[in-house]
1. Restricting attention to the stretch 138-149, does a residue exist that is closer than 30 Å to VAL211 by Cβ, in contact (Cβ under 8 Å) with a residue 40 or more places away in the chain and assigned to a helix (DSSP H, G or I)?
2. Tally time: how many residues in the stretch 85-111 are more than 13 Å from the ligand (Cβ to nearest atom) and either at pLDDT 95 or above or in contact with a Ser or Thr (Cβ under 7 Å, 6 or more places away or on another chain) (or both)?
3. Residues that are in a helix (DSSP H, G or I) and either closer than 17 Å to LEU33 by Cα or touching a Gly at 6+ places or on another chain (Cβ under 8 Å) (or both): does the stretch 115-126 have at least one?
4. Out of (1) out of contact with any strand residue (DSSP E or B) (no Cβ under 9 Å at 6 or more places or on another chain); (2) within 15 Å of the ligand (Cβ to nearest atom), the odd one out for ALA212 is which?
5. Somewhere in the stretch 191-208, is a residue more than 15 Å from the ligand (Cβ to nearest atom) and of a type in the set (D, E, K, R)?
6. If you go through the stretch 10-55 one residue at a time, how many are among the β-branched types (Val, Ile, Thr) and in a loop (DSSP other than H, G, I, E, B)?
7. Applying the selection to the stretch 145-177, what residues are under 18 Å from ILE38 (Cα atoms) and buried (at least 19 other Cβ atoms within 10 Å of the Cβ)?
8. Which condition number in (1) of a type in the set (Gly, Ala, Ser); (2) within 13 Å of the ligand (Cβ to nearest atom); (3) touching a helix residue (DSSP H, G or I) at 6+ places or on another chain (Cβ under 7 Å); (4) more than 15 Å from SER203 (Cβ to Cβ) is the one that SER146 fails?
Amino acid sequence: MGRLDRMDGMDPLRPAPMNAAAIRQQAASDGYLFCPAIIAPRGIEALQQVISRDLGRADFQAAVLTSPEFAELRCDPGVRAVLEILFRGPAEGGCGDVCRVVPPGPEEFVTRPHQDAFYIHLYPRFRTVWIAVMDCPAEMGPIAVSPASHRRGLHRHDGERGATVPADIVWNRSSLGAGDVVMFHSRTLHCTLGNRSSRARSSVDCRYRPVAARVA
Ligand SMILES: O=C(O)CCC(=O)C(=O)O
């Protein structure tokens, strides 16, 4: 994983500003927006209960992603408001959503650095929204993003091993609270680290595109 070994020294995520012009500017320069506590606890707690209830089911993923609680979270007005600023118009969800429950185990379940645009070709423009469904302190290995990496094109990817990361890349990461969101450009390099805590880590990642980009 190369320089990921040195992630302990990395800078914290930069919180998103409050007004539309500054949000667009920061997203354009960093390739991500960190929106602390943007999702109300009620919606997060409802999804937590669904995840606990359905964990262990063979169709866990489908059960969670088709639940009314997930549908509500995906329509969260705060998240949509930021996406609409970025897209300059309405956002459409359902462009590839995943619920992840990552058991403790330092390196076993890491998601190696990659760019979503390398794997998802169906949508020319999309944003990924990573939502902490529980408090995720740094030791749980929550999402890390590489600022400005979306401006450096697509890197070579090697299957499960992810992207070949340039030597000068830097990473931002913070301890996240339940309801914190990190949204990022489809070409932003990102990864998660090993969960070194004693509890499983739950998150969802949802993808949205501008309605205006829909192909008839
Ligand atoms: O949560 C993870 O382990 C990885 C998330 C991810 O790669 C993504 O949202 O694209």
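The values are calculated or read from the model by the stated rules, or taken from the named source; none is laboratory data. What you are looking at is a predicted structure, and each value in this text was computed from that prediction instead of being measured. For neighbour counting, all protein chains shown are included, and Cβ atoms are generated from backbone atoms with ideal geometry for every residue, glycine included.
1. For the stretch 138-149, residues closer than 30 Å to VAL211 by Cβ, in contact (Cβ under 8 Å) with a residue 40 or more places away in the chain and assigned to a helix (DSSP H, G or I): present.
2. 10
3. Looking only at the stretch 115-126, we keep the residues that are in a helix (DSSP H, G or I), and these are 116-119.
Then keep just the ones that are either closer than 17 Å to LEU33 by Cα or touching a Gly at 6+ places or on another chain (Cβ under 8 Å) (or both); that gives 116.
Scanning the stretch 115-126, I find at least one residue that is in a helix (DSSP H, G or I) and either closer than 17 Å to LEU33 by Cα or touching a Gly at 6+ places or on another chain (Cβ under 8 Å) (or both), so the answer is yes.
4. (2)
5. Yes: the stretch 191-208 contains one or more residues that are more than 15 Å from the ligand (Cβ to nearest atom) and of a type in the set (D, E, K, R).
6. Our first condition is that a residue be among the β-branched types (Val, Ile, Thr); within the stretch 10-55, this holds for 23, 38-39, 44, 50-51.
Checking the rest, the ones that are also in a loop (DSSP other than H, G, I, E, B) come to 38-39.
Within the stretch 10-55, residues that are among the β-branched types (Val, Ile, Thr) and in a loop (DSSP other than H, G, I, E, B) number 2.
7. Answer for the stretch 145-177, where residues must be under 18 Å from ILE38 (Cα atoms) and buried (at least 19 other Cβ atoms within 10 Å of the Cβ): ARG173, SER174, LEU176.
8. (3)
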